[in-house]
Amino acid sequence: MNWQVNYALKNIWEAHGAASAQHLRDDAIRIMMPDRADVVAVISAAYTINAELAMQYHADFPDMDFLCGYRKECVWEGGAIRYLESSPIGWGSAGTLGSAIYRGDVKTSAHKDYFFSYRLIRQIKSVTNLDREFDRVFTMTLVSGRTFRVGMIMEYEPTADAIRTFWDRFGPIDIAWNINPNGNPTQNAIEAGKSLGCEVMKWDQLRVLLRNR
């Protein structure tokens, strides 16, 4: 049994009292909840999940309900997200899977770290088009025709190093959006963004920017 599957089974048994789980084969597990349909989840140890890998998992496990990127540092490419959401198959972290089990919406669940922030953007009328490149990076086109590449930064209080590391990993962005509601970017992070050519901001600032452009 692969290490990530073993950890996932252990976590479900210990942290989710009403749920039980069993190993099916390879990276797949079955999760049982009282009075609900069983859930088949594939637990991946990949650092990056792209469309090709998502489709391969689906081919290997046609009854897959959820694809879990078990590593904390796992990155999801836009092609994988589009494929899974059109199937429909839920996707995201172990925490996303755990929450979805209890809500009963496993097949339509998306990564909990980015779901609410991305939904906010989709609801803004001045945004006419969204291209999600990664779970945490999207390009938006506004009514004015201007486009902005946005990175969603999850850290509590992003530092200059966090901004530079994100830039190096995902490429140039116009806006570094600190989506964690409980913290604020450090002044060093804001200055690092300026030196790279991007604005570091919270939702209130981003909302004003969207309304004025």
**OP:** Compute the distribution of all C-alpha to C-alpha distances in segment 15-86, in bins of 10 Å from 0, and list the percent of pairs in each, rounded to whole numbers.
**Re:** 19, 49, 28, 4
Original post:
Where the accessible area of the chain is counted over protein heavy atoms with a 1.4 Å probe, how much of it, in %, is carbon and sulfur?
Top reply: 48 percent
Original post:
When N counts the residues of segment 49-88, how does its alpha-carbon radius of gyration compare numerically with 2.2 N^0.38 Å, as a ratio?
Top reply: 1.07
Subject >> Alpha-carbon centroids, segment 157-213 and segment 27-93: separation in whole Å >> reply: 30 Å
**OP:** In whole Hz, with x marking every Gly and Pro, tabulate ³J(HN,Hα) for segment 110-118 from phi via Karplus 6.51 cos²θ - 1.76 cosθ + 1.60, θ = phi - 60°.
**Re:** 10, 2, 5, 5, 10, 4, 5, 5, 5
Subject >> Percent antiparallel among DSSP beta bridges (both partners in the chain, rounded to 5) >> reply: 55 percent
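For segment 88-207, give me the percentage of DSSP beta bridges that are antiparallel, rounded to the nearest 5 percent.
Numbers: 11 of 18 bridges.
Antiparallel bridges: around 60 percent, rounded to the nearest 5.
So how strong a dipole does the chain carry about its Cα centre when Lys and Arg Cβ are +1 and Asp and Glu Cβ are -1, to the nearest 20 debye?
Details: 24 positive and 25 negative charges, 150 e Å.
Using Cβ point charges on Lys, Arg, Asp and Glu, the chain gives about 720 debye.
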Original post:
What is segment 89-176's relative contact order, in percent, from Cα pairs under 8 angstrom and six or more apart in sequence?
Top reply: 18 percent
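Taking a 1.4 Å probe, which of 166, 66, 116 shows the most accessible area, and what order do the others take after it? The partial results should precede the final answer.
Working: 166 20, 66 0, 116 125 Å².
In descending accessible area the options line up as 116, 166, 66.
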Original post:
Counting pairs of alpha carbon atoms under 8 Å apart in space and at least six apart in sequence, what relative contact order in percent does the chain give?
Top reply: 11 percent
Original post:
What list of ³J(HN,Hα) couplings, whole Hz, do you get for segment 170-183 from phi and the Karplus terms 6.51, -1.76, 1.60, once you set θ to phi - 60° and write x for glycine and proline?
Top reply: 10, x, x, 10, 8, 9, 9, 9, 7, 8, 5, x, 9, x
Original post:
Per 10 Å bin from zero, what fraction in whole % of the C-alpha pairs of segment 113-188 is there, up to the bin with the longest pair?
Top reply: 19, 51, 28, 2
Original post:
Which residues' amide hydrogens lie under 5 Å from the amide hydrogen of residue 48, considering only partners 5 or more residues apart or on another chain, with H built in the peptide plane?
Top reply: 75
Original post:
Quick one, which of (i) 22; (ii) 35; (iii) 14 is the actual percent of Cα pairs over 33 Å apart calculated for this model?
Top reply: (i)
**OP:** List the residues whose amide H sits under 5 Å from the amide H of residue 200, counting only those 5 or more places along or on another chain, with H placed 1.01 Å from N in the peptide plane.
**Re:** 176
Original post:
What ³J(HN,Hα) values, in whole Hz, does the Karplus curve 6.51 cos²θ - 1.76 cosθ + 1.60 give for segment 185-191 when θ = phi - 60°, with x put for Gly and Pro?
Top reply: x, 6, 4, 5, 5, 4, 5
Subject >> Accessible solvent surface per residue of segment 138-177, calculated while the other protein chains remain in place, 1.4 angstrom probe, Å² >> reply: 46 Å²
Subject >> Candidate lysines for bridging to residue 125, where Cα separation is under 28 Å - those fewer than 8 sequence places away on the same chain excluded >> reply: 107, 112, 194, 202
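The values are calculated or read from the model by the stated rules, or taken from the named source; none is laboratory data. Note that this is a predicted model, so its numbers are computed, not measured. A quick note on method: Cβ atoms are made from the backbone with ideal geometry, for glycine too, and the neighbour counts reach across all protein chains shown. Each accessible area value is taken on the protein alone, full model and side chains, heavy atoms only, with ligands, DNA and RNA left out. Shrake-Rupley method; radii C 1.70, N 1.55, O 1.52, S 1.80 Å.
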